[in-house]
């Protein structure tokens, strides 16, 4: 009989798969570098992080940092937590995992399924903030008796596990022919450990880090990104930068699209970090082909595919979520915002109705009633401008020779909702000037932008958008406008 004594005995020894469909753009398969995906989602916990969980726990047990009945506390994007939770379930430890709130609901649910507790923290705060998931985990580890924080970002057992397992597996599975290793890096443990081993066997092996745009690991300026589990806003202690020969920055859009292609074309359900690794692998492969077409097929590129796509069904594989975040176009040719403004305007409504800060609120309400509109931009009066929103609407201009309101003169917005709220509390508001009661300006969008951009902003809560062309507002786009546009296209 063949069987394992523990689920932990099944960690590692993941297979390599040659990718042949997502690489078609490279030309005939026999002339391409071999791009081999190491399928880490086949670990028991569904990710490469299973490899580091038990070694970190055993190291802590050995040095006395973790004792029977203790509590494991770790800041995690989810996958390390899954590995730790599996090991802790077998060893009887309590687990508390602290996560950034951008992580998928599936990751949170999986941790709870293993009996772990989950604490969520805001994403867009610096690491040193008391609210960051790093700081919260550190505080809990300090305040809870018997607590131990593995601290995967600084724990040498992290890269050590990959130096003992991942690197040797790749070397053996490729019979020593691996020429490039592609790793979408987060803590730096995989790329450091596996890279160390491979370079010890052959110093010519090229180690490539794949990094989301907005991560500091590749030298980018810190800014928010949607790809989960990789990239950082600081340099972890477990990353040995000297091991990495080069970095490739990958956008969220390219990473998500590549991950979906892997799933649909290769039949391998992966997360966006695998998409990031594929994009980098294709960049390297194209460079090899361009540099030496004759010998490119002799190169072997191994790309780590870190985890399963089951953790991302509500995001990466949810078309609506992707559209809301501007990562997926609607079916058909891209539609521009200007197309919405080209719709016929009912009741003689001009393309743009603008109020002035000096207009009386009562006259603006009459104009809104006349044209059946619920919000309009507010601009500073210009020299020779018409004296009210209604006269500006009649002429379609604000008194300038070219009939355009400069965008810099738009200082606010006024809406029926905001006016109702103020008038209900103070009926005398109708005799005030618009400048006294206006709301902040509406968001703007260029007429040449994709309709997806407008949809994303409106879905985030904006009541309307100001469409801009050549530095001047030319119309207002509302949710109803988008619905009417879709209706016209359908008919």
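On the given criteria, is residue 197 within 14 Å of residue 239 (Cβ to Cβ) and crowded, with 19+ Cβ neighbours inside 10 Å? Considered against the rule, which asks whether it is within 14 Å of residue 239 (Cβ to Cβ) and crowded, with 19+ Cβ neighbours inside 10 Å, residue 197 comes out as no. Residues of the range 445-461 that are in contact with a helix residue (DSSP H, G or I) (Cβ under 9 Å, 6 or more places away or on another chain) and outside any strand (DSSP E or B): 447, 448, 449, 451, 452, 453, 454, 455, 456, 458, 459, 460. Residues in the range 463-481 that are crowded, with 19+ Cβ neighbours inside 10 Å and modelled with pLDDT under 80: 481 only. Within the option set 220, 204, being in contact (Cβ under 8 Å) with a residue 12 or more places away in the chain, in a loop (DSSP other than H, G, I, E, B) and closer than 20 Å to residue 35 by Cα holds for one residue only, 204. Can you work out which of the residues in the range 358-373 that are surrounded by 17 or more Cβ atoms within 10 Å (Cβ to Cβ) and assigned to a loop (DSSP other than H, G, I, E, B) is modelled with the lowest pLDDT? Taking the candidates together, the pick is 373.
Scanning the range 95-123 for residues that are out of contact with any strand residue (DSSP E or B) (no Cβ under 9 Å at 6 or more places or on another chain) and in contact (Cβ under 8 Å) with a residue 60 or more places away in the chain yields a total of 5. Test each condition in (1) surrounded by 21 or more Cβ atoms within 10 Å (Cβ to Cβ); (2) over 25 Å from the mean Cα position of the chain (by Cα) for residue 15 and report the one that comes out false. The single condition residue 15 does not satisfy is (1). If we scan the range 158-171, do we find a residue that is buried (at least 24 other Cβ atoms within 10 Å of the Cβ) and over 18 Å from residue 50 (Cβ atoms)? Looking through the range 158-171, none of the residues is buried (at least 24 other Cβ atoms within 10 Å of the Cβ) and over 18 Å from residue 50 (Cβ atoms). Restricting 389, 379 to those that are within 26 Å of residue 480 (Cβ to Cβ), touching a strand residue (DSSP E or B) at 6+ places or on another chain (Cβ under 8 Å) and at pLDDT 85 or above reduces the list to 379. The residues of the range 221-250 that are over 23 Å from residue 75 (Cα atoms) and in contact with a strand residue (DSSP E or B) (Cβ under 8 Å, 6 or more places away or on another chain), listed by number, are 243, 244, 245, 246, 247, 248, 249, 250. Return yes when residue 267 is over 22 Å from residue 198 (Cβ atoms), out of contact with any strand residue (DSSP E or B) (no Cβ under 9 Å at 6 or more places or on another chain), in the same structural domain as residue 186 (by TED's automatic domain parsing) and surrounded by fewer than 19 Cβ atoms within 10 Å (Cβ to Cβ) and no when it is not. It is true that residue 267 is over 22 Å from residue 198 (Cβ atoms), out of contact with any strand residue (DSSP E or B) (no Cβ under 9 Å at 6 or more places or on another chain), in the same structural domain as residue 186 (by TED's automatic domain parsing) and surrounded by fewer than 19 Cβ atoms within 10 Å (Cβ to Cβ).
The single condition among (1) surrounded by fewer than 16 Cβ atoms within 10 Å (Cβ to Cβ); (2) modelled with pLDDT of 95 or more; (3) at positive phi that residue 202 does not satisfy is (3). Looking at (1) surrounded by fewer than 19 Cβ atoms within 10 Å (Cβ to Cβ); (2) at pLDDT below 95, can you tell me which one residue 245 breaks? The failed condition is (2). Taking the listed residues 191, 144, the one that is under 25 Å from residue 213 (Cα atoms), at pLDDT 90 or above and in contact with a strand residue (DSSP E or B) (Cβ under 7 Å, 6 or more places away or on another chain) is 191, with no other qualifying. Of the set (1) within 17 Å of the chain's Cα centre (by Cα); (2) assigned to a helix (DSSP H, G or I), all apply to residue 190 but (1). None of 182, 230 is closer than 24 Å to residue 133 by Cα and touching a helix residue (DSSP H, G or I) at 6+ places or on another chain (Cβ under 9 Å) except 230.
When each of 86, 35, 73 is tested for being touching a residue at least 60 places away in the same chain (Cβ under 8 Å), part of a helix (DSSP H, G or I) and buried (at least 21 other Cβ atoms within 10 Å of the Cβ), the lone residue that passes is 86.
The values are calculated or read from the model by the stated rules, or taken from the named source; none is laboratory data. Fair warning: this is a prediction, and the values are worked out from it, not measured in the lab. So basically every Cβ, Gly included, is an ideal-geometry build from the backbone, and we count neighbours across all protein chains shown.
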